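The values are calculated or read from the model by the stated rules, or taken from the named source; none is laboratory data. Keep in mind that what you see is a predicted model, and the values were worked out from it rather than measured. Quick reminder, even Gly has a Cβ in these numbers, built from the backbone with ideal geometry, and neighbours come from all protein chains shown. Side chains are part of the model used for accessible areas, which takes the heavy atoms of the whole protein and leaves out ligands, DNA and RNA. Shrake-Rupley method; radii C 1.70, N 1.55, O 1.52, S 1.80 Å.
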Amino acid sequence: MNAYFPPIDPLKLEAAWKAADTLAKSCRGSSPLSPRPSEPDGEAPLTIDAAGLRVDFARQQIPPHAQSALHALAEAAALANWRDAMLRGETVNASEGRAALHTALRDPNGELTDDLPESVRHTVRQTLARMRTISDQVRSGVWRGASGRPISDVLHLGIGGSQLGPELACDALHRFSHPRLRNHFLGNIDPDRWHRVSRDLNPHTTLIIIASKSWRTPETARNAQAARQWLLDAGIAEGLLGRHLVAVSSNLEAAQSLGVLPENILACPDWVGGRYSLWGAVGLPIMMQVGPEAFDAMLAGARSMDSHFARAPVSGNAPMQLALTSAWNAARLGSGTEAVIPYSDALRRLPAHLQQLQMESNGKSVNARGEPLSRATMPVVWGEPGTDSQHSFFQALHQGVAIHPIDLIMVGGVSDTDPWLRSRVLNANAVAQAQALSNGYEHADPQRRHPGGRPVTIIHLPQLNPATLGALIALYEHKTVCLGWLWGVNPFDQWGVELGKRLAVNVEALMTASTDQVAPPEAVAELTLDPATESTLRYLKSL
Ligand code: F6P
């Protein structure tokens, strides 16, 4: 299918951006806005309730007339057209000629849209059924290792989108864990990581999930070989390795060559990008940990956010408003970063997932047609949980020169079952920090003055469960693609990750070349060897 591009008038889009940029620059001052009028007529609501979450923009520094400019920008950038095209499976990933149907993964029965081909629905239902079969066998104890014992530990080998999403979900839903099963995640190729993870594992009761959509990721390939040898070294016969191996990939024959039984290889469709894929086969460790029913609840929460995204007008559309707010702050502040601060330790892996989701989607400098962009695109996404971060980088957020926009994630209300009321104190801190960042604090002593005017969005989950987690992650997936469409980039490809991988092959070959030989062997001299790299290699070889 030909790549999809909505009907966009470039002159109208440029004019909309120019208007928004001009306004943004005129609002550069960091002085806190006087308390904003509540819900000025016709403007975006200060808070949006969507899929069980509350997104509170009241502390954002976007004056009413700027809201109108941003809505005009959303219209000129054809956000709604892009959205509808993505949901119905158009080829929205132009450079790879693919659809982006992560929303189909969480809509197996076509409740969101009946636009999709039955083949897609069938693939989704079949994968969920196979995930359920494996999960049920492992959780019930029916699945036995080579020595006849049930599985106690699930070791998930994968990196990037094949790790961060499932790892976030398993961490966030730790209270929903199966009593016998523990999850472990290994992405890095650093053997130190392998030693730290494997030392607590018994090969005879460990199930290894090898997740690699491409099966061309060197880290996962080597870690899989090491894990396979670890099983063999424990005395597990080669013919019984299949009792300890499951694969998630689109390269089925490669997985089988490792010893994975065909019935334990789950396919990844090419119409889902890695960083958007935890809802399907890559999410197997989540389903193993929380069970199929809770996994379905997570899908339902995401589907509910999808429904909101598909139907809400831009002024009341939470993902679109998050994207417009990000674009506004990037243009206005030019800080080059945006922070995600979860006031929930269970969401401590959320920043890492959102880093890949947003920076791998939108960290680009040409648009989907290959034309250079004239404006900054994705800020650096970073963050750590509160209240820890109040004791590390909040000083800079409060009194630094650069102003960093913040998404603050909160869970729960004021009631607290903790004997020491620690949850209530956690939330009191979250609200107080938002107040201080936003309103500032005048003081005669300049050292003690808080300028305020730091833009904060609070995203509130009444409780953290599979449904609200699904809604939260889907919220950010839709924010991410809307932000990419505003800037004109393709949020679904990631060509920038290829060069480093190729060069690493060259460098490794040079490292293994004979000691004094640094001139690149012809076979690997893809790029001329620069002096800095040559010097570094000489030093490494001297050690
Ligand atoms: O970081 C580059 C990348 O291709 C990501 O997009 C992807 O999620 C990750 O590597 C792992 O890829 P695979 O699942 O194919 O091993």
Problem set entry | First in the stretch 376-396 and over 12 Å from SER344 (Cβ atoms), second anywhere and exposed (fewer than 14 other Cβ atoms within 10 Å of the Cβ), Cβ under 6 Å, 6 or more apart | PRO379/GLY336
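Within the stretch 130-158, track down each residue that is among the small types (Gly, Ala, Ser) and within 16 Å of the ligand (Cβ to nearest atom).
As a first pass, look at the stretch 130-158 and keep what is among the small types (Gly, Ala, Ser): 135, 140-141, 145-148, 152, 158.
The one that is among the small types (Gly, Ala, Ser) and within 16 Å of the ligand (Cβ to nearest atom): GLY158.
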Exercise. Got a number for residues in the stretch 117-145 being open to solvent by less than 70 Å² (accessible area, probe 1.4 Å) and either part of a helix (DSSP H, G or I) or aliphatic (A, V, I, L, M) (or both)?
Worked result: 14
For this session: Those residues that are open to solvent by less than 50 Å² (accessible area, probe 1.4 Å), in a helix (DSSP H, G or I) and within 16 Å of the ligand (Cβ to nearest atom), I need them from the stretch 227-259; list them, please.
Result: ALA227, ALA254, ALA255
For this session: Take the stretch 167-200 and flag every residue that is assigned to a loop (DSSP other than H, G, I, E, B) and either surrounded by fewer than 19 Cβ atoms within 10 Å (Cβ to Cβ) or touching a residue at least 60 places away in the same chain (Cβ under 8 Å) (or both).
Result: LEU173, SER177, HIS178, PRO179, ARG180, LEU181, ASN188, ILE189, ASP190, ARG199, ASP200
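How about the stretch 201-226: which of its residues are assigned to a helix (DSSP H, G or I), farther than 16 Å from GLY145 by Cβ and of a type outside the set (D, E, K, R)? Before you say what the answer is, go through the steps one by one.
Kept after step one, since they are assigned to a helix (DSSP H, G or I), are these residues of the stretch 201-226: 203-205, 218-226.
Checking which are farther than 16 Å from GLY145 by Cβ leaves us with 218-226.
Once the filter is applied, which keeps residues that are assigned to a helix (DSSP H, G or I), farther than 16 Å from GLY145 by Cβ and of a type outside the set (D, E, K, R), the stretch 201-226 yields PRO218, THR220, ALA221, ASN223, ALA224, GLN225, ALA226.
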Exercise. Out of all the residues in the stretch 204-218, which are open to solvent by 20 Å² or more (accessible area, probe 1.4 Å) and modelled with pLDDT of 95 or more?
Worked result: HIS204
For this session: State whether the residues of the stretch 350-361 include one that is closer than 16 Å to LEU461 by Cβ and free of Cβ contacts under 8 Å to residues at least 24 places away in the same chain.
Result: no
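Would you confirm, using the coordinates I've provided, whether ASP270 is within 16 Å of the ligand (Cβ to nearest atom), open to solvent by 30 Å² or more (accessible area, probe 1.4 Å) and over 16 Å from the mean Cα position of the chain (by Cα)?
Working: within 16 Å of the ligand (Cβ to nearest atom): yes; open to solvent by 30 Å² or more (accessible area, probe 1.4 Å): yes; over 16 Å from the mean Cα position of the chain (by Cα): yes.
So ASP270 passes the test.
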Exercise. So how many residues does the stretch 300-321 have that are among the hydrophobic types (A, V, I, L, M, F, W, C) and either surrounded by fewer than 24 Cβ atoms within 10 Å (Cβ to Cβ) or more than 20 Å from the chain's Cα centre (by Cα) (or both)?
Worked result: 4
For this session: Tell me which residues, restricted to the stretch 403-454, are polar (S, T, N, Q) and either touching a residue at least 60 places away in the same chain (Cβ under 8 Å) or buried (at least 20 other Cβ atoms within 10 Å of the Cβ) (or both).
Result: ASN427, ASN429, GLN433, SER438, ASN439
